[in-house]
Amino acid sequence: MSKIHRNKEIRFESNVNECESGPCRNGGVCTDREANYTCVCPGEYTGRTCQHKCSGPLGMEGGIITKGQLSSSSVQRGMFGLQHWSPDLARLHRRGMVNAWSPALSDRWPWIQVNLRQQMRVTGLITQGARRLGSSEYVKSYKIAHSDDARTWSMLKTRGDTQDMIFHGNSDSSSLMANTFSSPIEAQYIRVYPQVCWGHCMLRMELMGCELTGCSEPLGLKGGQVQDSQLTSSSVYRTLGMGLLAWTPNRARLDNQAKVNAWTAATNDQNQWIQVDLLVPTKVTGVVTQGAKDFGRVQFVRSYKLAYSNDGLRWTTYQDETQHKDKVFQGNVENDTHRKNSVQPPIYGRFLRLIPWSWYGRITLRMELLGCTEDD
């Protein structure tokens with residue numbers, strides 16, 4: 001007779017609260033799910049654990065947002081039509097006698113519009129007024145609308161979703177007023193509608209946010225987190241052969257305002273490069289470039305390639321996936337404005353090299369890398 005084996009049934013029941021370990025960062029609120037969790041992030045953060053800060057400038061001040069991306073309901077003209085307060089002037093800290101956007105006095109529902117050219121996550125707006133004929137003029141309050149097609153618009157609403165949100169603007173012509181949106185906008189088009197103005201409506205501004213991936217933070221060239229020792233190059237140009245006027249790679253930081261304020265190669269050829277050691281494997285999703293002047297001479301990189309490595313010895317040149325050849329990125333067209341290129345698909349690596357491919361004057365570069373650490 002066969003022996004019957006009776007197995008005792010064992011049940012494993014788990015009632016673990018996934019939020020107990022505090023996975024949500026930067027003030028995110030955790031909600032426990034079955035064997036999982038979700039984080040509701042504050043407006044300026046994104047990512048699964050709210051790990052990505054999403055409040056970088058989107059390019060009004062730096063020039064990444066070009067003239068062709070800006071439009072408005074109307075433009076004020078002064079000095080017998082010689083002054084045009086056009087939307088292209090609505091850039092934070094813009095200088096000059098005519099240095100802001102202002103709508104026509106007859107415009108009863110004025111707006112200024114930014115076309116971001118792709119869906120972006122917009123988390124806030126910084127505004128500034130301006131002076132006209134010696135008088136301070138500015139926007140005291142405004143509304144925000146957004147759209148994906150520039151035809152159908154949605155106003156930002158209060159939390160009850162019943163009324164248009166009215167944001168506090170400026171109280172003088174020069175100081176900055178920053179507003180962070182309680183819920184980020186995901187849209188291609190943004191409009192600002194001035195509501196109350198002091199004098200004429202005068203506006204300079206910057207949009208804050210990031211790409212939808214959230215992985216587009218500055219990696220530290222401009223901010224200084226990337227140390228001088230992490231920057232190397234193929235060669236260095238010295239103005240008049242002087243060591244004090246050496247255009248070394250550690251100077252290649254976006255918006256560097258020193259007299260010698262960029263990297264310049266000793267030789268103008270396609271064998272030159274500047275290298276960043278990011279110390280750890282990093283996801284790079286974008287590059288921002290800028291030229292410079294050497295004693296008044298305009299110099300910049302017109303186009304470039306990218307290469308990456310994990311050991312600094314074996315290099316891979318970034319490819320154009322559609323044409324199956326090295327990708328050539330378009331660079332700058334003058335020395336001061338920013339030119340941003342998205343790197344999609346992203347680069348993963350510790351070392352990144354920018355290889356100038358064409359240039360104006362000498363090979364001269366200031367730059368910033370955008371992305372996030374691979375762990376994020």
message = Filter the range 194-204 down to the residues that are assigned to a strand (DSSP E or B) and closer than 14 Å to Pro110 by Cβ and list them by number.
response = Pro194, Gln195, Val196, Cys197, Leu203
message = Filter the range 126-135 down to the residues that are of a type in the set (A, V, I, L, M, F, W, C) and buried (at least 24 other Cβ atoms within 10 Å of the Cβ) and list them by number.
response = Ala130
request  = Would you point out which residue out of Glu20, Glu61 is in contact with a Lys or Arg (Cβ under 7 Å, 6 or more places away or on another chain) and either not in a loop (DSSP other than H, G, I, E, B) or not assigned by TED's automatic domain parsing to the domain that holds Asn256 (or both)?
outcome  = Glu61
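Here is a yes/no grid of residues against (1) closer than 24 Å to Thr373 by Cα; (2) modelled with pLDDT under 85:
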{"residue": "Asn7", "(1), (2)": "no, yes"}
{"residue": "Glu13", "(1), (2)": "no, yes"}
{"residue": "Glu20", "(1), (2)": "no, no"}
{"residue": "Pro23", "(1), (2)": "yes, no"}
{"residue": "Ala35", "(1), (2)": "no, yes"}
{"residue": "Tyr45", "(1), (2)": "yes, yes"}
{"residue": "Gln51", "(1), (2)": "yes, yes"}
request  = Using the structure shown, decide if Thr213 is more than 24 Å from Met155 (Cβ to Cβ) and assigned to a strand (DSSP E or B).
outcome  = no
query = Of everything in the range 228-263 that's assigned to a strand (DSSP E or B) and among the charged types (D, E, K, R), which residue is surrounded by the fewest Cβ atoms within 10 Å (Cβ to Cβ)?
reply = Arg238
So Gln270, is it surrounded by fewer than 16 Cβ atoms within 10 Å (Cβ to Cβ), in the same structural domain as Gly349 (by TED's automatic domain parsing), assigned to a loop (DSSP other than H, G, I, E, B) and modelled with pLDDT under 95 = no
query = For Leu221, which of the numbered conditions (1) assigned to a loop (DSSP other than H, G, I, E, B); (2) out of contact with any Ser or Thr (no Cβ under 6 Å at 6 or more places or on another chain); (3) surrounded by 15 or more Cβ atoms within 10 Å (Cβ to Cβ); (4) not assigned by TED's automatic domain parsing to the domain that holds Ile363 fails to hold?
reply = (4)
request  = Would you mind telling me which numbered condition in (1) over 10 Å from Ala187 (Cα atoms); (2) in a strand (DSSP E or B) Arg151 fails?
outcome  = (2)
query = How many residues are touching a residue at least 40 places away in the same chain (Cβ under 8 Å), crowded, with 20+ Cβ neighbours inside 10 Å and within 14 Å of Cys201 (Cβ to Cβ) if we restrict to the range 56-91?
reply = 5
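The values are calculated or read from the model by the stated rules, or taken from the named source; none is laboratory data. Please read all numbers here as calculations on a predicted model, not as lab measurements. Positions of Cβ are backbone-derived with ideal geometry, glycine not excepted, and every protein chain shown enters the neighbour counts.
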